[in-house]
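Contents: one structure, followed by commentary.
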Amino acid sequence: MCELHETTTPAVGRRTLIRGAGGLLIGGGLVAATATAAQAATSQNGWPAGSSSTVPLSTLAVGAATFPAGVRNGDVHVVLGYVARRFNSEVEALVKGWCWGHSYRPISGSTTLSNHSSGTAIDLNAPRHPLGKSGTFTATQRSHIRSILSSCNGVVRWGGDYSGRKDEMHFEINVRPGDARLAALAKRIGGGGSTPTPSPIAWTTVKRGASGFRVTAIQHLLRQRGFSLTVDGSFGPTTQSRIISFQRSKGLTADGVVGPKTWSALVVSVKRGSSGQAVVAAQKLLTHRGYTLTADGAFGAMTATKTQAFQQSRGLTADGVVGTRTWARLTA
Ligand SMILES: [Zn+2]
């Protein structure tokens, strides 16, 4: 997880309480000699901080990722879950083991605790967007991040917007407990109304007996995921049994039917520079849709161009990345 964003000053202002041997110190300017014994009562954004036994937390699972220790219950959970889900579907797929939520870590010699300490911050695909590095997202990805932040009406802040050291993996609640904007946002995105959530992804269900381009794609994707089978475009007993194994490995209902959940788990986000069976699947699907390519399994400039053309034709973000939404449209 990110380490040093704790030291940047949040837009909401800093009002961290430090309990040291000398009593209660307020403000960031008083770093007492007792700092080693100090315990901050709140995280940077004013939320009560503590270990997982004192902060009310719930698990969060989005796409392939789970957030160890979870994030803070209630409206915070609704909002951070919303950010993570949109990031997963619009910016890039979340990777298992690369995402973090609550983490209680007093910082030696510092007057502040990370917002992770109150369960009000998340790190997304941390190794890909390391602390202190800017420009880890493409312009298109950044525009999607802007769109997500804009939907959150200032309630969520992105570490990429820090004035000092950037922290592009990091998203946090940027209002204090009880702020009406948080409750309003959670209500809007959690419970219908004028929801800014993008339209749900529609998948075509495929099962035994089916044949054709979707089955071919499924078979390549299974091979990509390490299952051995012949790619013949025919959904027979072998394909069915591989799907059942795959579903079991993902904790899905093992019914051998490729429905929305199995599709979402099966597809692999591929882009320029990717190679392998998932790329072959994407190339064959693009060819099927009239964007003819050699299915060589190497995602080069031509595949990127055809992907963008397909995306444009379907009203998708034309970023040239075959992500969840593009897979769904390719296999519709
Ligand atoms: Zn972070």
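Below are the figures for this structure:
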read-out: Under the Debye formula (equal points on every Cα, no solvent term), log10 I(q)/I(0) of the stretch 213-330 at q = 0.11, 0.17, 0.22 Å⁻¹; value: -0.33, -0.78, -1.19
read-out: Net charge over other residues, Cβ less than 10 angstrom from the Cβ of Gly159 (K, R count +1; D, E count -1); value: -2
read-out: Most to least packed among 97-105, 230-238 [average Cβ atoms within 10 Å]; value: 97-105, 230-238
read-out: Cross-link pairs Lys96/Lys261; Lys166/Lys306; Lys166/Lys250; Lys207/Lys261 - those with Cα-Cα distance over 25 Å; value: Lys166/Lys306; Lys166/Lys250
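Each value in this text was obtained by applying a stated rule to the coordinates, not by laboratory testing. A quick note: this is a predicted structure, and the numbers were derived from the prediction, not measured. Using ideal geometry, Cβ is built from the backbone for each residue, glycine included, and neighbour counts are taken over all protein chains shown.
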